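Student: Here it is, the structure in full.
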Amino acid sequence: MKNTKRIMSVIGLFLAVAAPSFAQRIGGFSMPRTVPTYHPAPAYHPPAQTYHPPAPSRSTSSAQTSRRAAQTSSRPAQTQTRPAQSVPQRSTASAPQSRPATSESRPQAASRPQAPSRNEVQKQQKAEARQQKEQQKQNQKQQKEQKKLQQKQQKEEARHQKELQKQQKDNKKLGSSAKRSKAQPASPSVAKTETGSRLSAGTATASGSPARLQQLNANRSNLSGINRKPLPSGELTVHPNGRMTLQAEGGRQYGLRSNGTIASYSDRQKTVSFDQRGKVSSIHTASMDIHNGPHGQRTIVSRHADGSKVVSTSRHSGYVERNVVMNHRTYVERTTIINHRVFTRTFVANGFGGVALVPPVFFAPGFYGWAYYPWASPIAFRWGWLGAPWYVGPSYIGPTPYFVASPLYPSAAFWLTDYVIGETLATAYQLHHDASDEVANDMSDDDNTVADNSVAGDSDANAGMSSDQDTVRADAATPISPELKSEIAEEVRRQLANDNAAARNPDQASFDTMPAALSTPSHLFVVSNDLDVTTADQQLCALQAGDMLQLMSPATADSSFVQVRVASSKRMDCPGGVLVNVSLPDLQEMQNSFQAQVEAGLGALQHGQGSAGLPVAPPDAVAAPPRPAVTGLSPVSGPESSTMIDQQGEQADQAEAQAESSSF
């Protein structure tokens with residue numbers, strides 16, 4: 001019995017040890033956790049039988065990793081519940097076979113979608129934020145464009161309403177005047193519109209012209225000056241914009257505004273234009289041109305039979321020029337008088353029909369090099385016009401001044417830039433000041449000026465528009481920027497290089513500077529005289545001396561006008577940024593004036609070097625005196641030129657008085 005008990009205990013012990021290992025081989029059962037006393041050797045597990053979950057990525061959260069581990073540990077427990085007969089029999093010698101249940105569960109686990117990582121979520125959130133920001137920018141841009149469009153439409157509507165009110169007022173006056181004078185009833189060419197009774201566009205019939213002229217003359221009787229005089233009989237044409245043209249006998253033609261004031265007159269000898277007050281704006285004849293600028297400056301050009309020309313820009317200011325042939329070349333000698341100062345300049349014909357300035361003198365090559373290259377150190381300089389009434393300066397508290405002198409000058413090119421701009425503005429101020437005194441004296445003699453302006457509907461506060469709706473004016477100045485100054489300094493350097501080359505070889509000197517300027521992109525022109533120009537949309541605007549124009553595209557060989565952009569301008573001039581058309585002769589005059597100012601500045605620099613803050617030039621640069629560029633010419637003297645300029649002013653006064661009297 002004892003042996004039997006021993007045998008049974010050994011068998012039991014053997015079964016306790018062998019049964020779990022056998023169960024693991026045939027079914028993948030896990031070891032029970034309640035066996036603390038015995039730890040058998042681990043059984044062999046084929047790779048296909050045991051499920052290995054995928055290793056979590058670095059971006060996988062700890063919560064996801066723990067959840068997958070829990071799922072993996074629970075699978076053996078689920079396998080224990082399967083019936084024993086479902087476990088396939090296998091031979092110990094054969095290769096292990098994978099369980100169907102296990103192989104079926106792996107594709108399901110592999111196809112399970114993984115949750116996005118934290119970096120992916122952050123990237124997606126940033127992309128959405130960028131899209132929202134771009135959408136906000138587009139919305140803001142659209143709102144700004146819509147706002148600008150609405151403002152433009154409101155301005156156009158206000159302008160249209162003002163035109164309608166003006167037409168209603170004019171038609172009301174014409175109707176009341178016709179009723180008082182018992183005028184004949186209007187012809188069928190008179191049409192009713194929403195603004196009242198007005199003549200339809202087109203040529204009036206013979207029976208309608210007298211009635212309309214009678215109405216116009218009745219209305220003009222309330223005006224003053226030349227606008228008070230009755231219009232002669234003739235054929236009347238009303239244009240779509242409300243203006244009228246009257247063809248009278250003797251080849252006379254009148255241009256009339258919609259309110260009946262005269263705008264222009266022409267006959268076989270002259271063409272005259274008038275402002276709203278009935279004063280002469282311009283006269284053009286075969287031998288004389290007169291132009292009264294918007295700022296009161298009057299320019300008179302007289303052409304004589306011998307080819308000489310007299311030009312006056314104000315009282316006691318202008319120039320006289322005549323042609324001189326020497327060494328088979330035609331020179332133009334010009335004597336200029338500005339504020340009682342006399343300048344003598346020489347010009348020569350260039351390759352496109354204009355005249356180019358010839359330098360008065362040539363300096364030593366060392367002087368051109370000293371002026372061309374930077375100085376040893378920047379210098380400060382005090383200009384003589386710093387206390388002038390036209391100069392505001394950097395200490396001005398308010399809007400940015402139009403021109404401010406630089407505090408330091410690294411080279412002569414920048415010093416000459418301020419010299420050119422300052423002298424141009426100073427000369428223009430003096431000419432305008434003298435002209436304004438003359439205009440004030442003329443206006444004091446006319447007691448009905450205000451009445452005429454009220455009838456004409458003048459208003460300078462109409463969104464930058466003048467009394468004529470075809471004229472545009474700037475509400476504020478566009479100052480000269482440092483960038484524009486730098487570009488002018490580069491132009492000065494180019495002129496210094498040209499002068500140096502001409503000084504070395506005077507016989508080979510070329511004066512075709514205008515074509516070079518017209519072929520240089522973004523070339524800057526400094527306006528030298530008051531000028532009326534037209535914009536790209538056929539509006540009128542004025543330019544003053546000191547305004548700057550930038551070339552937009554090179555001029556062609558057959559072009560007479562060039563399109564330029566207003567780079568800087570003063571208040572009431574052409575607004576900055578506007579495209580205008582300027583004639584080639586006017587651009588040539590700007591270029592000549594610019595070069596003349598640079599040459600005058602070189603003379604002042606050579607004379608003042610080493611004093612007033614200017615650096616000392618090298619001895620070889622100033623040792624030899626400047627030599628004249630052209631010798632043997634005898635220009636018109638200063639006193640003779642002054643007498644001719646004064647006589648020309650008297651002739652212009654007579655021409656304007658005769659134009660007013662002979663027009664009616």
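Student: Near the amide H of A476, under 5 Å away, which other amide H atoms are found, from residues 5 or more places off or on another chain, if H is placed in the peptide plane?
Tutor: For A476, the qualifying residues are M572.
Student: For a label point 7 Å from the Cα of D532 along Cα→C-beta, name the residues of the stretch 220-255 whose backbone N is under 19 Å from it.
Tutor: Of the residues in the stretch 220-255, 226-227, 243-246, 253-255 have backbone N under 19 Å from the label point off D532.
Student: Would you mind giving the three semi-axes, in whole Å and largest first, of the ellipsoid equivalent to the stretch 537-605 according to its Cα gyration tensor?
Tutor: 23, 17, 9
Student: Here is a further query. Between R315 and residues 5 or more places away or on another chain, which pairs have amide H atoms under 5 Å apart, with H built 1.01 Å from N, and which residues are they?
Tutor: Placed amide hydrogens put nothing under 5 Å from R315.
Student: Here is a follow-up. How high is the FRET efficiency between Q253 and S510 when r is their beta carbon distance and R₀ equals 41 Å, given to the nearest 0.05?
Tutor: 0.30
Student: Convex hull over the alpha-carbon atoms of the stretch 218-267: what's its volume per residue in Å³?
Tutor: Convex hull volume per residue, Cα atoms: 75 Å³.
Student: Let me ask another. Say each of F664 and R494 gets a label point 7 Å from the Cα, pointing the same way as Cα to Cβ; how far apart are those two points in nm?
Tutor: For F664 paired with R494, the spin-label model returns 5.3 nm.
Student: Could you pull the Cα extents of the stretch 269-414 along its three principal axes, largest to smallest, in whole Å?
Tutor: Reported extents, whole Å, longest axis first: 62, 53, 29.
Student: From the phi angles alone, apply the Karplus equation (6.51, -1.76, 1.60; θ = phi - 60°) to the stretch 373-379 and give each ³J(HN,Hα) in whole Hz, x where the residue is Gly or Pro.
Tutor: 8, x, 6, 4, 7, x, 10
Student: To the nearest 20 debye, what charge dipole does the stretch 251-325 have about its Cα centre, counting +1 at the Cβ of each Lys and Arg and -1 at the Cβ of each Asp and Glu?
Tutor: In total the dipole reaches around 180 debye.
Student: Would you mind counting up the charge near N581? Only other residues with Cβ under 13 Å from its Cβ, with Lys and Arg at +1 and Asp and Glu at -1.
Tutor: That sum, taken over residues with Cβ under 13 Å, equals -2.
Student: If amide H atoms are built 1.01 Å from N in the plane of the peptide, which residues on other chains or at least 5 residues away come under 5 Å of the amide H of V578?
Tutor: Amide H to amide H, under 5 Å and 5 or more residues apart or across chains, V578 pairs with V566.
Student: If the limit is 32 Å between Cα atoms, which of K155/K485; K123/K147; K148/K570; K162/K229; K155/K570; K147/K570 go over it?
Tutor: Where the Cα-Cα span goes over 32 Å, the pairs concerned are K155/K485; K123/K147.
Student: Mind giving me the FRET efficiency for S287 and E134? R0 is 60 Å, r the Cβ-Cβ distance, nearest 0.05 is fine.
Tutor: Result of the calculation: an efficiency of 0.35.
Student: At L386 and I7, where each label point lies 7 Å from the Cα along Cα→Cβ, what is the point-to-point distance in nanometres?
Tutor: 13.3
Student: Also: For the stretch 642-651, in order, what is each residue's ³J(HN,Hα) by Karplus, 6.51 cos²θ - 1.76 cosθ + 1.60 with θ = phi - 60°, in whole Hz (x at glycine and Pro)?
Tutor: After applying 6.51 cos²θ - 1.76 cosθ + 1.60, I find 4, 5, 5, 5, 5, 5, 5, x, 5, 5 Hz.
Student: D267 to R627: FRET efficiency via 1/(1 + (r/R0)^6), r the Cβ-Cβ distance, R0 51 Å, to the nearest 0.05?
Tutor: That pair, D267 with R627, gives E of 0.45.
Student: Further, regarding this structure: In Å and whole numbers, how far do the C-alpha atoms of the stretch 257-338 stretch along each principal axis, longest first?
Tutor: Taking max minus min along each principal axis of the Cα atoms, the stretch 257-338 gives 60, 31, 15 Å.
We did not get these values from a lab; they are worked out from the coordinates using the rules stated. This is a predicted model, so every value here is computed, not measured. So basically every Cβ, Gly included, is an ideal-geometry build from the backbone, and we count neighbours across all protein chains shown.
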